[in-house]
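Working notes, beginning with the structure itself.
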Amino acid sequence: MNLSRLFCLYTLLFSTTLFADELSTLADAREVTDKAVALFQNEMIVEGYNVLKPYWPLQTIEIDSLANQTGTQWPMIKQRFGTSIATEFVKEMHAGKSLARFVYMQKFQNHAIRWVFTFYRPRDKWIVNGVSFDDRLELLF
C-alpha cells in the first residue's frame, strides 16, 4: 500500500468519527467532499462513497450500487483520459438557504472530469442530496 492510499484510508477512518453523522455547517459538508474527492482521485471509489454514506439518506445498497457503477466506468475513463494527476475545488453555489453545491475538477493527462456534490438542509443539518461526475467542462464556467 503506497503512502497516499494509506493517508486516504486514515482520512476515511478519521472523518467517520469527526462528524458523528451530522453536517452542521457547509464547512463540514465541504470537508467531507474534499475527502471523498481525494479518495476518488486515488481510484478508491468505494471508499470515497463510504465517506459520504453517513450523510446520505439513501439506502446503503443504493449507494453501493452507485459506487459499483462508478467503479465499472473507471477503466474507460482512464483509457480515454489517462492517469489522474490532481483535483481542484472549482466553486460553491447556493440556491436559497437550503441547497448548496460543491464542484470539483479531476485532472487527467488528456482531459478532466467534473464532480458535483449537492447538499440539502431540510432543517438544521446538511445531507447529501446527489453526487455526479461527467466530462462537461463547459459547465465549469
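The values are calculated or read from the model by the stated rules, or taken from the named source; none is laboratory data. Computed from a predicted structure; not experimentally measured. For neighbour counting, all protein chains shown are included, and Cβ atoms are generated from backbone atoms with ideal geometry for every residue, glycine included. SASA here: full protein model, heavy atoms, side chains in, ligands and nucleic acids out. Shrake-Rupley method; radii C 1.70, N 1.55, O 1.52, S 1.80 Å.
Only residues that are more than 13 Å from the chain's Cα centre (by Cα) and touching a residue at least 60 places away in the same chain (Cβ under 8 Å): list them for segment 113-126, please.
124, 125, 126, listed by residue number.
Looking at 129, 110, 68, which one is open to solvent by 40 Å² or more (accessible area, probe 1.4 Å) and either part of a loop (DSSP other than H, G, I, E, B) or touching a Gly at 6+ places or on another chain (Cβ under 8 Å) (or both)?
That would be 110, the only listed residue that is open to solvent by 40 Å² or more (accessible area, probe 1.4 Å) and either part of a loop (DSSP other than H, G, I, E, B) or touching a Gly at 6+ places or on another chain (Cβ under 8 Å) (or both).
I'd like to know if segment 99-106 contains one or more residues that are free of Cβ contacts under 8 Å to residues at least 40 places away in the same chain and β-branched (Val, Ile, Thr).
Scanning segment 99-106, I find at least one residue that is free of Cβ contacts under 8 Å to residues at least 40 places away in the same chain and β-branched (Val, Ile, Thr), so the answer is yes.
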